[in-house]
Structures are given as structure tokens and as C-alpha cells.
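The next block holds one structure in the form of C-alpha cells; read it before the comments.
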Amino acid sequence: MGATVVQLTESKKQIQHTHRVFDDQKSAFRNNPMPSLTERQENLKRLKRALLTNQDRLLEAIDRDFSCRSRDESLIAEVMPSIQGINYTLKNLNDWMKPSKRHVSLLFQPASNKVHYQPKGVVGVIVPWNYPLYLAVGPLVASLAAGNRTMIKMSEYTPHTSALFKEIIEASFPEELVSVITGEADVAADFSSRPFDHLLFTGSTSVGKLVMRAAAENLTPVTLELGGKSPAIVSPDVPMEDAAQRIAFGKAFNAGQTCVAPDYVLCPADRTQAFVDEFRTRFSEMYPSLRDNDDYTAIINERQYERLQSYIEDARTKGAEIIEINPARENLKDGTRKIPLTLILNTTPDMKVMQDEIFGPLLPVVSYGGLDEAIHYINDRPRPLALYFFGYDRAEQQRVVDKTHSGGMCINDALMHVAQDDLPFGGIGDSGMGHYHGREGFLTFSHHRAIFAKQKFNSGKFVYAPHGTAAHKMVYKFFIR
């Protein structure tokens, strides 16, 4: 009872703090509604210096939150794309900020049409637990590039990373420019109800609906980066070694706790056993042991661990074949939250692994007869955040591109589209809405202000009342044809 009261009191303080910071950022934005290129560049450089200076501390904090998070995975997926994203933005920001000239019809000449890219104001960012650094920094880079103030709500499931990131930001930026908010789910719920000028949420589809509902009360525009079940198609003739190795990388990375991880594999029925055998070989090469192998990441917490174990038991009970890939045959049930990469065959639609986003190292393998059957299987389900096709036939590649929808896609690779600085990242349908990364991030957090300008000569008077004059008739005859 006492702990509950303390938590409620702490949450109340954090919510009050959130409200105050929001008001301060609103006020600061009104005083400087159009930061210069130099200001924005300096903010980005300041962020880069802070990340590089605290790189080792951040890696250690993420590792503590996961109980075991591969240092190299954190470098590859958290630090490297954060720094590269800043570098790319610094290189291109001057061009992005320039107003774009648009066509002016002869009817309205002499005049000019331009689109000016204005900061929206105060941006809210809600960060998930699976990539707590990159999914905080990526939106922050885009927001700062667009000239906004930014408030970031970190996940309560990564307390060490959240606390450290808050410390780093507070030492690097004034609170009225960038602020990091921590706290439990009630703080996050209140955060999403603030009347931000834009709100970006990364997380599950179910929570995304709640965030969008809260944002709708304020008519706050939202970018939702959700998840879903991202399929990987193995073509009828791709070398199985190639497909299995790349899918194994995409699924094992961060132990499958990635929104764009391959969620299930569609494999030709006559190649399923070959896929299983090759996948086992390739995974075992990458991870010859699991328990004390720092390269293989643990599940974030007990709640997620138990959820994944329940998925395995549910599939087993309903008749699935469970293939656990544990190369060293270690005992992982005692004192660790590591789960072996587990293939699940003979699935049925009523199994939880075929209904929910898995978000862990479980990989159903679904057999198909022909490529069109695989395409129909995907199209019969909610649109995924990512889609992966493995096959070197260019006509087949184009068929999958043309006949499916997904937020993004890789051909003969997995995950890597997310790391491309000049590609937008975002979902469609159940997997989200809106885009960011690179120029699309700048555009997402900018208001595209249309400005029509004319000077002393006014051609518009030729259509002023009274109507029916010879000038009117001439204008109508020339432009309505």
C-alpha cells in the first residue's frame, strides 16, 4: 500500500513537471519561431558530441536494462545510425530549408508561388524499449533539424538508459529546447494528451490506437510507427544458404525484439526442410553458444519472457512442431532470460504466434505452393511494417513489389532498409502512418506553408465584379478550354 502511494505521488510530480515543461517550450517557441540554419546545425552538433562523449556509458546502460545486450548490436543499431543520421542531416539541412518554388498559372501572373518549411512548434516523442537510444535520437534529430522544441517520453522498461539519456540531454540542452520525461504508464498517457504540435509514437498497434485517440482530442497530428507481422518470402529457386543466412541475421538481431524483424517465413512446401536445415546451420555459425555469449541478446524483462514462452506452449498444444536451435545444448531455464531461436512448423491460424506480433526469437515457417499463393497470404492480412523477398529473379521481385503493400521492403536482405539515411521509414494501415528519417523526417516535423506573392501590378482586377465585361469573357474563353 505504501509503495503504491509513493508511486502515485511520484507520478503526480512527473505529470506536473511535464505540464510545466510543455508550457515553457511553447513560450520559448513563440519567442523564436524560426531558428536559423546555424542554430539548428549547432543543436545537432551538440547532440552528436554528447552521444560520442557518453557512448560507453550508454552501451553499458542498455546492457543493464536487457540483462545482456550485445555491445556490437547496440553499436550497429543504436549508436551508428544515430551518428550517421546527424551527419546526413547536417550535410543536407541547408538545401532542405530552402523554400521550394512552384508553378504560377498565367492567369495569376505576375506573381510567385513558394512553399516555406516552418517549424511546427513543440514536438512530442514517445520511445519504446527495444531500441531506446536510436528511437529517441532519430526523431529528435528530425525535430531539431526542422527547428522545433522537443519533449521525449522514455520507456519505463529501460530505466537505466532512460535515466542516463535524461542526464545527458539536461547537460547538453536547455529544458525549453529539449526535455526528457521518465515515469510509468500513467505519465505516458498524460504525455500523449498534451496538445503538441506533432506527436510521434513508436510501439504496438494496440497502444498506438490509444495514443491516436488521445491526440485526436487536441487535433494533434501524429506519426505512428507500429509493428505487425512482417513476412519473409523464400522464392522457389533462391540459393537456400543465402536466404537462410540473411533471415537468421534479421531474426536473431536483438533476439527478434525489432519492429521490422521477420515475423514469419513463407517457404515453398518442397523446400521447407531445406530451409530448416540451412537455417539451423547459419544460426549456429553466428551463435555457437547462447547462455554466456554476449553476442546473443536476452529478452528485456520477465513479462516479455513469459509471453514468449506462452506462445511456444500454445503452438505446441495446438499441434505445431517446435524446433529449438540451441547449438551447445545449454540449460537456459535457470538464471537467464535468453530464449533459443525457435522455428515453429505446421502452424494454424488460431495459434498466438500467427495472430500477434511475436517480438522475440520465435519464427513460424508457413509452406506455400506458388508465389501467387504467398502474395495472397500476405494480402489477406493487415499490412505489415516490412516485407522481405529472397530471390534473384527480377520478374518475381517486381511481382512482389507491385502486388503487395508494406511500410518498407528489402529484396534479398532484412532490416537494412531502416538504416538508409535517404529512405523514409514508416508504416501503412495497421503498421502505422507517416514517415521520418532523412528529408522525410524534416518534412514531417515542418509545416509546409504555401505563400502566393504579388507586388504592385494586380492582374486579379480583371476578374473583379461587376462581371460580364469583355475582359471577363476573354479570360473565360482563354482559360476554360
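The values are calculated or read from the model by the stated rules, or taken from the named source; none is laboratory data. This one's a predicted model, so the numbers in the text were calculated from it and none came from an experiment. All Cβ positions, glycine included, derive from the backbone under ideal geometry; neighbour counts span all protein chains shown. Accessible surface areas use protein heavy atoms only, side chains included; no ligands, DNA or RNA. Shrake-Rupley method; radii C 1.70, N 1.55, O 1.52, S 1.80 Å.
Considering only residues that are open to solvent by less than 10 Å² (accessible area, probe 1.4 Å) and either among the hydrophobic types (A, V, I, L, M, F, W, C) or part of a loop (DSSP other than H, G, I, E, B) (or both), look in region 353-369 and name the one that is farthest from ARG307 (Cα to Cα). Selected residue: VAL365. Right, SER11: among the hydroxyl-bearing types (Ser, Thr, Tyr), more than 13 Å from THR150 (Cβ to Cβ) and surrounded by 14 or more Cβ atoms within 10 Å (Cβ to Cβ) or not? So SER11 fits the description; yes.
Need at least 2 residues that are open to solvent by 10 Å² or more (accessible area, probe 1.4 Å) and of a type in the set (S, T, N, Q) per element, so show me which strands (runs of 3 or more DSSP E) inside region 93-150 make the cut, counting only ones lying wholly within it. Qualifying strands (runs of 3 or more DSSP E): 112-119.
Residues in region 58-80 that are more than 21 Å from ASN301 (Cα to Cα) and open to solvent by 70 Å² or more (accessible area, probe 1.4 Å): ILE76, MET80.
Restricting the search to helices (runs of 4 or more DSSP H) fully inside region 178-255 and requiring at least 1 residues that are open to solvent by 10 Å² or more (accessible area, probe 1.4 Å) and of a type in the set (Val, Ile, Thr) gives 205-216. Evaluated against (1) over 30 Å from ALA374 (Cβ atoms); (2) open to solvent by 10 Å² or more (accessible area, probe 1.4 Å); (3) out of contact with any strand residue (DSSP E or B) (no Cβ under 7 Å at 6 or more places or on another chain), LYS166 falls short on exactly one condition, (3).
Out of ASP334, ASP294, ASP350, ASP314, which single residue is surrounded by fewer than 17 Cβ atoms within 10 Å (Cβ to Cβ) and under 27 Å from ILE76 (Cα atoms)? Exactly one residue qualifies, and that residue is ASP294.
One line per residue, one yes/no per condition, for (1) in a helix (DSSP H, G or I); (2) touching a strand residue (DSSP E or B) at 6+ places or on another chain (Cβ under 9 Å); (3) modelled with pLDDT of 95 or more; (4) not hydrophobic (A, V, I, L, M, F, W, C):
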| residue | (1), (2), (3), (4) |
| --- | --- |
| LEU8 | yes, no, no, no |
| HIS19 | yes, no, yes, yes |
| CYS68 | no, no, yes, no |
| GLY85 | yes, no, yes, yes |
| THR89 | yes, no, yes, yes |
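Apart from one condition, GLU324 fits all of (1) open to solvent by less than 30 Å² (accessible area, probe 1.4 Å); (2) assigned to a strand (DSSP E or B); (3) without any contact (Cβ under 8 Å) to a residue 40 or more places away in the chain; (4) not aliphatic (A, V, I, L, M); the exception is (1).
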